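Each remark here refers to the structure printed beneath this line.
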Amino acid sequence: MRLPAPAPRAPRRVASLLAAALLLAAFCGCGSAHRRKSHTTAVSTPPATVPASPPLVSEADGPALGLTEDDADLLWNPSQPSRTPAAFQAARQQLTALHPTYLRLLVDWAALQPDARRAPALAAANSGCARLVGPCGSYAGIAEQLAAIGSQQRAAGAAGDFRVVLDVFGVPAWAAQAPSGCEAGGAASFARPLRPAAIAAYRALIRSLLELGARDGVALEWWSPWNEPNDPRFISPQRASCSSSAPPVSAAVYAQLARAMASELSAAGGTHHLVLGELNDLELDSPHSTSVSRFVAALPTDVVCLGPVWSIHAYARHAPAAAPTDAVKALESALDARGACGRRARIWVTEAGAGAPHPGRPRTAGPADERAGCEMLAAQLREWHADPRVGAVFQYTFREDPAFPVGIASADLSHLYPAYGLWLSWSRLRAQGRPPPAPAAACP
């Protein structure tokens, strides 16, 4: 659920029905409602696809553990203490002890390439703070993140930990279309559809990441075309008109991105897989957002078949009045309705975690609230472990993001939340072929 800092990561929308009509016209006439992928590829050309091969990790012992974390100071293997400030060393040991099978990196294209005349700044300096919270330790962007992950992979050896999952989001201002459709006030270019000519730049971003991984010897096997495409903060507008029953144009925007990524990865050769979806677990449609079921139903069939894995974001809600939700079952039902490709898709929960009673809001101080969130997360993990379609569950994040506080270490790295113990227990139990711990045992 990461949104950029500062404010450009909170787009909303301004309605313009005339522009919406032009947008829909751009989407039509190509059978599957997608725009041109690049200036060299006609829209009628069938897109190349990534083979729908099975996941690369054995799921015999239940879902694999994943982690979203992009602070390179935390990602270096602890055997290399000179690479980061001493203030990070204990946290690096705690992170490494989880032995995550997957490490999910968020790729903010808007931040990496604000100028179309310059290549994406994959080695741009990052302060290493959690927003404005220290400790801080400057590192060289995605380039150092991958180098740090490489150190973990080499230390893990045959265990196969720290497999990279790249999740792209954020439209640079120069790549964005003009305002259109049902946008709420305050919408920004960050979430708008790409201009037809900008899809080539999106593909160039993918190539630059592949080149960086090859240079550092880090395999980039798993890719997600766009984060939370059913959420207006990441694709806006969701609809051409402000009616909850209007067809979601966001599905066509996502289809264009997914096809472009699949084509680029296919052209690069090697082993690559798409993680489709990265959906916000929205249950109801509104003028500005799209439910999981409606979004999946609106996608062209070829896009549903582009990858072996579909992903959903599902956080632990422990408010007394919170209605129970089952985001995984909602996604499974939506996929089952789409035919053979949907029915055989594996499910990853690529964002999970526990914070305030309503996830994302400021935490309520105190151990009782922390324990309540941990117990709800533990209950979710046991449900997902019992579901044979769930192949991985990812904690978001290790170091708490103050803008979305569901981490397992505090932003200042001085405190581990009870959920850290839950993930550590699960990692050890999974290695023994055992299920996740019961809530009461996992969250003392």
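Of the residues making up the range 408-426, those that are open to solvent by 20 Å² or more (accessible area, probe 1.4 Å) and over 17 Å from ALA316 (Cα atoms) are ASP412, LEU413, SER414, HIS415, LEU416, LEU424, SER425. Residues in the range 161-170: is at least one surrounded by fewer than 21 Cβ atoms within 10 Å (Cβ to Cβ) and among the small types (Gly, Ala, Ser)? Among the residues of the range 161-170, not one is surrounded by fewer than 21 Cβ atoms within 10 Å (Cβ to Cβ) and among the small types (Gly, Ala, Ser), which makes the answer no.
Answer yes or no as to whether ARG117 is of a type in the set (D, E, K, R), surrounded by 20 or more Cβ atoms within 10 Å (Cβ to Cβ) and either under 30 Å from MET261 (Cα atoms) or modelled with pLDDT of 95 or more (or both). So ARG117 does not fit the description; no. Looking across the range 192-222, the residues that are open to solvent by 30 Å² or more (accessible area, probe 1.4 Å), outside any helix (DSSP H, G or I) and farther than 19 Å from ALA111 by Cα come down to GLY217, ALA219, GLU221.
Filtered by the rule that a residue be part of a helix (DSSP H, G or I), aliphatic (A, V, I, L, M) and under 29 Å from VAL218 (Cα atoms), the range 229-281 gives ALA255, LEU257, ALA258, ALA260, MET261, ALA262, LEU265, ALA267, ALA268.
Scanning the range 274-290 for residues that are open to solvent by 10 Å² or more (accessible area, probe 1.4 Å) and among the hydroxyl-bearing types (Ser, Thr, Tyr) turns up SER286, SER289. Picking from residues in the range 368-392 that are assigned to a helix (DSSP H, G or I) and of a type in the set (Gly, Ala, Ser), the one that is nearest to LEU424 (Cα to Cα) is ALA378.
To keep it simple, each residue is scored yes or no on (1) more than 27 Å from VAL309 (Cα to Cα); (2) in contact with a helix residue (DSSP H, G or I) (Cβ under 8 Å, 6 or more places away or on another chain).
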residue: ALA121; (1), (2): yes, yes
residue: ILE149; (1), (2): no, yes
residue: PHE169; (1), (2): no, yes
residue: GLY186; (1), (2): yes, no
residue: PRO196; (1), (2): yes, yes
residue: ARG203; (1), (2): no, yes
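Scan the range 112-135 for residues that are free of Cβ contacts under 8 Å to residues at least 40 places away in the same chain, closer than 25 Å to VAL406 by Cα and more than 24 Å from the chain's Cα centre (by Cα) and the total you get is 0.
Selection of the range 426-440 for residues being outside any loop (DSSP other than H, G, I, E, B), over 24 Å from the mean Cα position of the chain (by Cα) and in contact (Cβ under 8 Å) with a residue 12 or more places away in the chain yields ALA431, PRO439, ALA440. Note on the range 78-191: enclosed helices (runs of 4 or more DSSP H) holding 2 or more residues that are out of contact with any Phe, Trp or Tyr (no Cβ under 9 Å at 6 or more places or on another chain) and within 30 Å of GLN238 (Cβ to Cβ) are 109-112. Only one of the listed residues (ARG382, ARG371, ARG399, ARG363) is charged (D, E, K, R) and closer than 28 Å to ALA345 by Cα. That residue is ARG382. Looking across the range 351-399, the residues that are in contact (Cβ under 8 Å) with a residue 60 or more places away in the chain and among the β-branched types (Val, Ile, Thr) come down to VAL390, VAL393, THR397. If you check PRO229, PRO225, PRO248 for being open to solvent by 10 Å² or more (accessible area, probe 1.4 Å) and either under 19 Å from ASP108 (Cα atoms) or out of contact with any Asp or Glu (no Cβ under 6 Å at 6 or more places or on another chain) (or both), only one passes: PRO248.
Restricting the range 291-300 to residues that are in contact with a helix residue (DSSP H, G or I) (Cβ under 6 Å, 6 or more places away or on another chain) and assigned to a loop (DSSP other than H, G, I, E, B) leaves a set whose member that is most open to solvent (accessible area, probe 1.4 Å) is PRO300.
Being open to solvent by 60 Å² or more (accessible area, probe 1.4 Å) and in contact with a Gly (Cβ under 9 Å, 6 or more places away or on another chain) is the filter here; which residues of the range 128-153 pass it? Within the range 128-153, CYS136, SER138 meet the criteria. Among the candidates ALA330, ALA334, ALA255, ALA314, the residue that is among the small types (Gly, Ala, Ser) and over 22 Å from PHE394 (Cα atoms) is uniquely ALA255. Listed conditions (1) at pLDDT below 95; (2) in contact with a Phe, Trp or Tyr (Cβ under 6 Å, 6 or more places away or on another chain) are all met by ALA321, apart from (2). When the range 340-359 is examined, which residues are found to be open to solvent by 20 Å² or more (accessible area, probe 1.4 Å) and more than 23 Å from TRP222 (Cα to Cα)? Passing the criteria: PRO357, HIS358, PRO359.
The values are calculated or read from the model by the stated rules, or taken from the named source; none is laboratory data. These figures come from a predicted structure and were not determined experimentally. Using ideal geometry, Cβ is built from the backbone for each residue, glycine included, and neighbour counts are taken over all protein chains shown. All accessible areas refer to the heavy atoms of the entire protein, side chains included, with ligands and DNA or RNA removed. Shrake-Rupley method; radii C 1.70, N 1.55, O 1.52, S 1.80 Å.
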